[in-house]
Structures are given as C-alpha cells and as structure tokens.
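The values are calculated or read from the model by the stated rules, or taken from the named source; none is laboratory data. All of these numbers come straight from a predicted model, not from anything done at the bench. Here the Cβ is made from the backbone with ideal geometry for all residues, glycine too, and neighbour counts use every protein chain on show. Ligands, DNA and RNA are stripped out before the accessible areas are found, and what is left, the full protein with its side chains, is counted by its heavy atoms. Shrake-Rupley method; radii C 1.70, N 1.55, O 1.52, S 1.80 Å.
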Amino acid sequence: MITLRKITLENRRAIFNLEVSEDQRRFVASNLSSVASCYVLTTNGGHPFPFAIYADEQPVGFVMITYRITGYELPAIAEDSYCILRLMIDKHHQNRGYGREAMKKILQFIRTSPAGPAYCCWIPYKPENVAAKRLYESFGFRDSGEIVENESVTVLRL
Ligand SMILES: CC(C)(COP(=O)(O)OP(=O)(O)OC[C@H]1O[C@@H](n2cnc3c(N)ncnc32)[C@H](O)[C@@H]1OP(=O)(O)O)[C@@H](O)C(=O)NCCC(=O)NCCS
C-alpha cells in the first residue's frame with residue numbers, strides 16, 4: 001500500500017538517495033534540493049508539505065505540495081491554490097502503479113485543505129514529459145495554456 005509520510009531524522013537519508021533515471025533528471029530536482037527549497041519557503045511565509053512516498057515500508061519516492069506559493073513567476077491561478085511539485089518515483093520502482101497511487105493520496109490530502117481553502121490545484125511540468133502529462137490528465141488535470149519558467153501549467157478544479 002502507498003502512503004505519504006513525513007520526512008524524519010530516521011528516513012531523510014533514504015529519501016535523499018532516491019533518484020530518477022539520467023534522462024529524467026531534466027524533469028525534477030534532486031530530493032535534497034527540494035527539501036532545501038521547502039526550508040526556504042517556510043522561512044519566507046510559504047506552506048510547503050514535503051512527503052516521502054512509501055510502498056508498504058519501503059521509501060520509493062518524494063513529493064512536495066505547496067499552498068499560495070510565493071517568490072516564483074506564477075500562473076494566474078496560483079493565488080489560493082495548491083501546487084504539486086517535484087513528484088518523483090525512484091528509477092528502480094517506476095511503472096508499478098506507485099505514481100498513480102501516490103497521486104490519489106496527494107489529492108486526498110489536498111482536499112482536506114491542510115493550509116487553507118482552495119478552488120484548484122496546479123502542476124508545472126516540462127511539455128515533453130509525456131509520462132507526467134498522461135498521469136495528470138488521467139486525474140482530470142487540463143493544461144491552462146500558460147507557460148511558467150518553460151513549464152506547462154496543468155490545472156484541476158477541486
Ligand atoms: C511520472 C512518474 C512519477 C510516474 O510514476 P510511476 O510510478 O512510474 O507511474 P505509474 O506506474 O503509476 O503509471 C502511472 C501513469 O503514468 C503514465 N506513464 C508512466 N510511465 C509512462 C511512460 N513511460 N510513458 C507514457 N506514460 C507513462 C501512464 O499514464 C501511467 O498510467 P497507466 O499505466 O494506467 O497507463 C515517474 O515516471 C517519475 O518519477 N518520473 C521522473 C520525474 C518526473 O518526471 N516527475 C514529474 C515532474 S512534473
């Protein structure tokens with residue numbers, strides 16, 4: 001079963017060691033860099049939720065969810081919305097349905113309004129990232145037509 005768990009002193013190294021394949025590195029930052037970004041967001045008024053993705057007791061991936069993200073070039077819908085950033089499943093654990101199950105858990109979490117109310121959730125992704133695009137579209141996300149920092153913006157009404 002897939003679960004989202006907090007990054008802890010015990011699991012942090014295992015999460016930092018998870019990685020995507022070489023040809024996927026242009027799609028997502030390292031988990032160490034993402035956790036560092038969470039720290040910077042927190043100390044600048046942001047609301048990041050970094051999670052380890054577990055398959056039973058095995059760490060297999062990472063995701064970071066933000067609310068009212070600030071300090072970036074932003075799409076029009078960024079105000080009062082959640083953003084899913086840096087979703088990754090380690091290269092050894094891909095294509096087993098973990099990414100799909102993780103997305104279900106991520107959307108369940110967002111629908112609890114953990115940082116405040118929101119009408120929508122958005123995800124920035126590289127237009128050539130076919131796997132991510134298909135995954136997001138299968139959950140009802142649709143491209144808004146905006147490009148932010150060379151990434152397409154896909155949006156789901158909550
Ligand atoms: C995108 C990613 C998280 C998907 O995780 P995963 O566990 O391999 O995905 P799943 O096995 O759950 O597959 C979910 C869906 O993704 C899509 N998908 C996954 N791999 C794919 C591929 N190689 N080609 C096309 N679609 C693919 C399919 O729609 C698939 O659904 P289906 O099997 O019902 O057709 C994973 O490929 C990854 O970590 N990629 C690198 C990092 C990245 O690009 N993150 C997104 C940043 S925006």
Using a cut-off of 13 Å between beta-carbons, work out the net charge of the residues near D23 (Lys and Arg +1, Asp and Glu -1, D23 not included). +1
Rounded to a whole number, what % of the accessible area of the chain do carbon and sulfur atoms account for, probe 1.4 Å? 51 percent
For the range 103-153, diffusion coefficient by Stokes-Einstein and Kirkwood Rh (Cα), 25 °C, 0.890 mPa s, µm²/s: 205 µm²/s
Enter the accessible area per residue of the chain (Å², integer; probe 1.4 Å; all protein chains in place). 54 Å²
Peptides 40-47, 89-96 ordered by average Cβ neighbours within 10 Å, highest first: 89-96, 40-47
Compare P117, P59, P50 in a GNM of the chain, Cα atoms joined below 10 Å, and give the one with the largest fluctuation. P117
Quick one: what Rg and Dmax do you get for the chain from the alpha carbons, in Å? 14.5, 41
Candidates L18, L85, L32: whichever shows maximal mean-square fluctuation once the chain is modelled as a Gaussian network with Cα springs under 10 Å: L32
Note on the chain: contact order normalised by length, alpha-carbon pairs under 8 Å, 6 or more apart, percent, works out to 21 percent
For Y125, the net charge from surrounding residues (Cβ-Cβ under 14 Å; K, R +1; D, E -1) works out to 0
At 222 nm, what value in deg cm²/dmol follows for the chain if DSSP H runs of at least 4 each add -39500 (n - 2.57) and the sum is divided by all its residues, to the nearest 500? -7500 deg cm²/dmol
Find the centroid of the Cα atoms in the range 3-29 and in the range 86-128, then give the distance between the two in whole Å. 14 Å
